[in-house]
Amino acid sequence: MASNHNKIEVKMKITKSELYEFLMYHNYKSIRGIISVLFSLVCMAGTIVYWSQFSSLQIVLMIFMSLMFIVITPIEYYVRAFRQAKKGFHHEITYIFDESGITIQMEEQSSLMPWEDVMKVTSTKNLVLIYSSPMRALIIAKKEISDEFEQIKTMMNENTNCYLFKMEQ
């Protein structure tokens, strides 16, 4: 990590655990994720309450639906994170924060995300997520920006006009 007066450079490699945390956060912090978990819990409660009234096939289906969003989907996200980390995130990424926005560099490629394209900034226990669309986010590990966290937070807060800015250390 390097820092000039108004320029902060962060170098990192995204790991499978960081991708997994992003997938879990992104999918379970939404209304859809909450409804999915509630559906699984209701199926579990229904299975327990009506166990003696269900046929064997109904019990199997209810157990499957009970496990779908609280066991099976998290396992699927872990496998997806493992594959993505292995396939597409094995190179170091450099993020450069400056007055024009966030420059993302990987190998020979470079692109700029202007500040006005930042829709939402939020954080998890280990990540800072900078969304440019409802489905696309830059994933930055907090451990990589710990020394410069407040500077980056201030720079983004001053330069973005996003609908949600919740960046906590």
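Nothing in this text is a laboratory measurement; each read-out follows from the coordinates by a stated rule. No experiment lies behind these values; they were computed from the predicted model shown. Reconstructed Cβ throughout: ideal geometry from the backbone, glycine too, with neighbour counts over all protein chains shown.
Across the stretch 127-132, rounded Karplus estimates of 3J(HN,Hα) from the backbone phi angles (6.51 cos²θ - 1.76 cosθ + 1.60, θ = phi - 60°) give 10, 10, 10, 10, 8, 10 Hz, Gly and Pro being marked x. Straight Cα distances below 15 angstrom link Lys7 to the aspartates and glutamates Asp98, Glu99, Asp147, Glu148, Glu150, Glu158, with same-chain residues fewer than 8 positions distant left out. Annotation: extensible slack from Met135 through Trp51 equals 26.3 nm (criterion: 0.36 nm per residue apart, minus Cα-Cα distance).
If the segment from Glu108 to Met44 were pulled out straight at 0.36 nm per residue, it would be longer than the present Cα-Cα gap by 18.0 nm.
Amide hydrogen proximity for Ile14: with H placed 1.01 Å from N in the peptide plane, the residues at 5 or more positions away or on another chain lying under 5 Å are Ile93. Between Ser30 and His91, the modelled labels are 2.8 nm apart [label points 7 Å from Cα along Cα→Cβ].
Here, the chain is characterised by an Rg to Rh ratio of 1.12, where Rg is the alpha-carbon radius of gyration and Rh the Kirkwood radius.
The length gained on full extension between Asp117 and Ser146, counted as 0.36 nm times the residue separation minus their Cα-Cα distance, comes to 8.0 nm.
Applying the Karplus relation 6.51 cos²θ - 1.76 cosθ + 1.60 with θ = phi - 60° to the stretch 89-106 yields 3J(HN,Hα) values of 10, 8, 9, 6, 10, 10, 10, 10, 9, 8, 5, 8, x, 10, 8, 10, 10, 9 Hz, where x marks Gly and Pro.
When only the Cβ of Lys, Arg, Asp and Glu is charged (+1, +1, -1, -1), the dipole of the chain relative to its Cα centre reaches about 780 debye. Between Val60 and Gln84, what FRET efficiency comes out of the Förster formula 1/(1 + (r/R0)^6) with R0 = 30 Å and r the beta carbon distance, rounded to 0.05? So, using R0 = 30 Å, E works out to roughly 0.40.
Put simply, the amide H of Thr124, placed in the peptide plane, has neighbours under 5 Å in Leu129, leaving out anything fewer than 5 places away on its chain. For a test of the definition: using alpha carbon positions, the gyration tensor, and the 1.5 limit on a/c, classify the stretch 19-87 as rounded, prolate or oblate. It is oblate, given that a/c is not under 1.5 and a/b is not larger than b/c.
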